[in-house]
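The values are calculated or read from the model by the stated rules, or taken from the named source; none is laboratory data. Quick caveat, the model's predicted, so the values are computed rather than measured. Cβ placement follows ideal geometry from the backbone for every residue including glycine, while neighbour counts extend to all protein chains displayed. Just so you know, the surface numbers come from the protein's heavy atoms only, side chains and all, with ligands and any DNA or RNA stripped out. Shrake-Rupley method; radii C 1.70, N 1.55, O 1.52, S 1.80 Å.
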Amino acid sequence: MIDYTDKIPNNVDLGRDRVLQRALEHWQPAYLSWWYDMGPNESHNFEVYLRTAISVEPDGWAQFDYVKMPEYRWGIFLQPRDEKRQVNFGIHKGQPAWQDVPGEYRSILRRIVVTQGDTEPASVEQQKMLGLSCPSLYDLRNIFQVNVEEGRHLWAMVYLLHRYFGRDGREEAESLLARRSGDTDNPRILGAFNEPTPDWLAFYMFTFFTDRDGKFQLCALAESGFDPLARTCRFMLTEEAHHMFVGESGISRIIQRTCEVMKENKVDAPADVRALGVIDLQTIQRYLNFHYSVTLDLYGSDVSSNAANYYTSGLKGRFRETKLEDDHTLQDATYPVSEVIGDKINTKQVAALTALNERLRDDYIEEIQAGVNRWQRVIDEAGIPFRLTLPHKGFHREIGNFTGHFISPTGEILTEEQWKAHEFEWLPTSEDYAYVQSLMSGRVAELGKFANWIAPPVKGVNGKPLDFQYVRFN
Ligand code: BYC
């Protein structure tokens, strides 16, 4: 169990390390000040029906109650240690897992932890304004749940920085509160975390696509030979599952509502669908194209010596590393990557070690495709002849081998002119954003009521009914 009488709830015996405890207690007010400044807008007095982790055991980590978000018990929770755990891949394979940072890997490990940590507050910043236009109290509660847990994930990374990286770590922890999503002078580290999340369609897309990058990256880090990082990420993954559920079910409910309205009114042209106050499937496809492509960039370059180093050193593994049946050193293995040569997209085999970003991206795409297929079923069941598709991997990419090329959603190589002539059909336009935002001009806060553009969920949170008071505004 986690001791909630502690100023910083934890299961890492913080009380026994006074220096570390003081350092983290020093960071805590700075964190809260960041939350007041960049956390959900005008929400500080709301009482929200939130889930709080009370133990890291599989059956005991969720307790539901009303909480004011600034009073949420952000804490430090690691999966229990397995004394027999080893480094499972790379050149140190077979050695006992490291309980401390190996000196030679200190700076790359710090960089991985900082990059991971940076995304957590970034997403809260991106979603800051959305509470003002929620489609229901149920959805409002869900976004707040996501936000407080991203805050806790920041705590998780800051604990590692303070505990294992000394003064450099403390400085990095401060910088994590100083960067701002979308800021021109001091932006967040990775591209997708500087994009705006201007409306709820974007929010659900983000939690479906981008939080799932979070899942895959955390799974790769959960394989790390640096045991404290692995144990931290394992516990974070339990929370991540809910975020992806919010995204997948959110989009599914939007599609369902659109299809209902299309059928009832026998319309299918986007303008007619919009006239009825729901989001046309074509706009949903354009948002999908955008969020998918910027999230693919988050995996880094197709061929990356950084990724090879992370793996060889035992710091970052593959998705489900220990379940894979090979030598776990990848000395002689190859892996296919795409490249654009003239007017063709070719596949070439490269050393598997250098293609680990691409491999993780491919694992991700497989899971994403399954989710898109589930959305498609909602459309098919309504009998509407529309296909939602994932665009080609090279579409709208800014990192990796496709950078600088103009690839259509179906994978043709275009000239810049051809691209410009069609871009508005493939990516959300300013009109699309304006239309979607026009549907979300205020908060839907009556008990049990849902905005016209989204269907109610199948069930409420923690067995509560849909007309439950999920948020009290005070
Ligand atoms: N934007 O060798 P390369 C989550 C940089 S999401 C901007 O290809 P590497 C969450 C790269 O830094 C998961 N820059 O990259 C979701 C490098 O810079 P330098 C977050 C980029 O290092 C929702 C250069 O390009 N966790 O948790 O193999 C809500 C060449 O890089 C980008 C992690 O990402 C980009 N997209 O791989 C809340 C895990 N991509 O060296 C949370 C930790 C690359 O030239 N991070 N660059 O200065 C990593 O493992 C690696 O940093 C990456 C990049 C996989 C991201």
Query - Label point distance in nm, E417-H405, each placed 7 Å from Cα along Cα→Cβ - result: 2.1
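Hey, any idea what % of the range 8-72's accessible area is carbon plus sulfur with a 1.4 Å probe? Provide the component values of the computation, followed by the final result.
On the way: 1430 of 3150 Å².
Its accessible area is 45 percent carbon and sulfur atoms.
Probe of 1.4 angstrom, ligands and nucleic acids ignored: what's the accessible area per residue over the chain, in square angstrom? Working shown, then result.
Values: 19890 Å² over 474 residues.
Roughly 42 Å² per residue, with all protein chains present.
For the range 271-340, run through the GluC sites (Glu not before Pro) and keep only the ones in DSSP coil with at most 12 other Cβ atoms within 10 Å of their Cβ.
Taking the range 271-340 and a limit of 12 other Cβ atoms within 10 Å, the loop GluC sites (Glu not before Pro) found are E325.
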**Report entry** Whichever aspartates and glutamates have a C-alpha closer than 16 Å to that of K266, once near sequence neighbours (fewer than 8 apart) are set aside
**Finding:** D280, D380, E381
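Let me know the shape class of the range 363-474, please: from the alpha-carbon gyration tensor, a ≥ b ≥ c as square roots of the eigenvalues, rounded when a/c is under 1.5, otherwise prolate if a/b is greater than b/c, or oblate. Don't skip to the answer; put the middle values down first.
Working: a/c = 2.43, a/b = 1.90, b/c = 1.27.
Here the range 363-474 falls in the prolate category.
For the range 291-382, run through the trypsin sites (Lys or Arg not before Pro) and keep only the ones in DSSP coil with at most 13 other Cβ atoms within 10 Å of their Cβ.
Numbers: sites: K316, R318, R320, K323, K344, K348, R359, R361, R374, R377; in loops: K316, R318, R320.
Those satisfying the criteria are R320.
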Query raised in the report: Can you pull the percent of the range 387-447's accessible area that's carbon plus sulfur, 1.4 Å probe, other chains left in place?
Result: 51
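Assuming 0.692 mPa s and 37 °C, estimate D for the chain with Stokes-Einstein, Rh taken as the Kirkwood radius over Cα pairs, in µm²/s. Don't skip to the answer; put the middle values down first.
On the way: Rh = 23.5 Å.
Diffusion coefficient, whole number: 140 µm²/s.
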Report summary line: Here the gain from full extension of E325 to D17, 0.36 nm per residue of separation minus their alpha-carbon distance, amounts to 106.8 nm
Requested in this report: For the range 265-362, just say rounded, prolate or oblate: build the C-alpha gyration tensor, square-root its eigenvalues into a ≥ b ≥ c, call rounded for a/c under 1.5, and beyond that prolate if a/b exceeds b/c, oblate if not.
Outcome: prolate
Report task. Calculate the dipole size of the chain relative to its Cα centre from +1 charges on Lys and Arg beta carbons and -1 charges on Asp and Glu beta carbons; express the result in debye to the nearest 20. Result -> 860
Query raised in the report: Which of the lysines could a cross-linker span from K323 if the Cα-Cα distance has to be under 30 Å and same-chain partners fewer than 8 positions apart are dropped?
Result: K84, K93, K215, K348, K393
Requested in this report: Could you list which residues have their amide H under 5 Å from that of V67, counting only those 5 or more apart in sequence or on another chain, with H placed in the peptide plane?
Outcome: V48, Y49, L50
Requested in this report: Quick one: which residues, 5 or more positions from T334 or on another chain, have an amide H under 5 Å from its amide H? H modelled 1.01 Å from N in the peptide plane, none for Pro or chain starts.
Outcome: A352
Query raised in the report: Put +1 on the Cβ of every Lys and Arg and -1 on every Asp and Glu Cβ in the chain; which of T389, A122, G75 then has its Cα farthest towards the positive end of the dipole?
Result: G75
**Report entry** Carbon + sulfur, % of accessible area of the range 112-220 - ligands and nucleic acids excluded, 1.4 Å
**Finding:** 45
Report task. Starting from the range 382-474, pick out the GluC sites (Glu not before Pro) whose DSSP state is loop and whose Cβ has at most 15 other Cβ atoms within 10 Å. Result -> E398, E412, E446
Query raised in the report: For the range 386-424 and the range 426-471, what is the separation of their Cα centres, given in Å?
Result: 31
**Report entry** Alpha carbon Rg of the range 138-241, scaled by the compact-globule rule 2.2 N^0.38 Å
**Finding:** 1.14
Requested in this report: Go ahead and collect, in residue order, the members of the range 86-109 whose backbone nitrogen is under 20 Å from a label point 7 Å along the Cα-Cβ direction of A30.
Outcome: 107
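Counting only DSSP beta bridges with both residues in the chain, what percent are antiparallel, rounded to the nearest 5?
Numbers: 19 of 21 bridges.
Percent antiparallel among DSSP bridges in the chain is about 90.
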Query raised in the report: For the range 60-166, rounded, prolate or oblate, judged on the Cα gyration tensor with a ≥ b ≥ c (square roots of eigenvalues), a/c < 1.5 rounded, else prolate if a/b > b/c?
Result: prolate
